[in-house]
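See below for the structure under consideration.
The values are calculated or read from the model by the stated rules, or taken from the named source; none is laboratory data. Quick caveat, the model's predicted, so the values are computed rather than measured. For neighbour counting, all protein chains shown are included, and Cβ atoms are generated from backbone atoms with ideal geometry for every residue, glycine included. For accessibility, only protein heavy atoms count, side chains too; no ligands or nucleic acids. Shrake-Rupley method; radii C 1.70, N 1.55, O 1.52, S 1.80 Å.
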Amino acid sequence: MGIVFDQSLNTTDSPSFVDGNFSGDLSAAGINTEVGGSYKLYKLGAAGDTDTEYLETSFQFGKPVIRSLSTGDGVTRDLFVGSISDARLEVRANGQVFVIGSGSSIGVTSSGISLNGGAVYPASNDAITLGSPTRFWSRIYSVDASFSGDLVTEAGGNQYIYNTYTGASNYERLELKWDADVATIATTSDGTG
């Protein structure tokens, strides 16, 4: 089991331990862990217990890692970097990541990127492209839109202005398109539209 200290250890030497468990505070001018070691701060249980919750710092594949972990009936907690009540990076136990600050947040989940409050805009006007000539967005859904430049529909594309729309086979719309090299403006409908 090793040497048990139940009192303060004051030394100007550099003591060396293979394993160590501490209760209370551990203060030192420098704490070093050998290659392959880690630091664990327990919320529930202790090293070797069946049920634990802890924060671990370590290196994995040459990269520094800070993560929330658990064993047994312990719960893996969300990890906050920064202030709980203000600006922070939040890594949720379910894998979601949020950047939160001043009443707005950006969330990254398996289903996409979400914005809560605020707006998304480039750092300077007319300087950033959304998409590229070879990488298009498949669809854009918006309540309103404002364009200060040209709205270009590439060859083969059409523009539709809907009066009613409940699906691709149930609508009433105005179409602006080229049909066999003839410019066409027409009303069309499908289903009960």
Output the residues belonging to segment 179-193 that are surrounded by 12 or more Cβ atoms within 10 Å (Cβ to Cβ) and either among the charged types (D, E, K, R) or under 19 Å from ARG139 (Cα atoms) (or both).
ASP190
Given the criteria loosely packed, with under 12 Cβ neighbours inside 10 Å, at pLDDT 90 or above and hydrophobic (A, V, I, L, M, F, W, C), does ALA145 qualify?
no
Among LEU151, LEU176, the single one that is more than 30 Å from VAL65 (Cα to Cα), among the hydrophobic types (A, V, I, L, M, F, W, C) and open to solvent by 80 Å² or more (accessible area, probe 1.4 Å) is LEU151
In segment 140-177, how many are within 14 Å of ASP190 (Cβ to Cβ) and either more than 36 Å from the chain's Cα centre (by Cα) or part of a loop (DSSP other than H, G, I, E, B) (or both)?
10
Picked from segment 92-134 (must be touching a Phe, Trp or Tyr at 6+ places or on another chain (Cβ under 8 Å) and outside any loop (DSSP other than H, G, I, E, B)), the residue least open to solvent (accessible area, probe 1.4 Å) is GLY107
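Look at segment 107-139 and say how many of its residues are β-branched (Val, Ile, Thr) and under 21 Å from the mean Cα position of the chain (by Cα).
Number of matching residues: 4.
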Would you confirm whether or not segment 80-90 contains a residue that is surrounded by 11 or more Cβ atoms within 10 Å (Cβ to Cβ) and touching a residue at least 24 places away in the same chain (Cβ under 8 Å)?
no
Please identify the pairs in which a residue from segment 45-65 that is more than 21 Å from ASP78 (Cβ to Cβ) and open to solvent by 60 Å² or more (accessible area, probe 1.4 Å) has its Cβ atom under 9 Å from the Cβ atom of a residue that is in a loop (DSSP other than H, G, I, E, B) and of a type in the set (Asp, Glu), counting only partners at least 6 apart or on another chain.
THR50/ASP73
Condition broken by THR164, with the remaining ones in (1) free of Cβ contacts under 8 Å to residues at least 24 places away in the same chain; (2) closer than 27 Å to THR192 by Cβ satisfied
(1)
Within segment 57-76, is even one residue assigned to a loop (DSSP other than H, G, I, E, B), over 28 Å from ILE100 (Cα atoms), modelled with pLDDT of 70 or more and out of contact with any Asp or Glu (no Cβ under 9 Å at 6 or more places or on another chain)?
yes
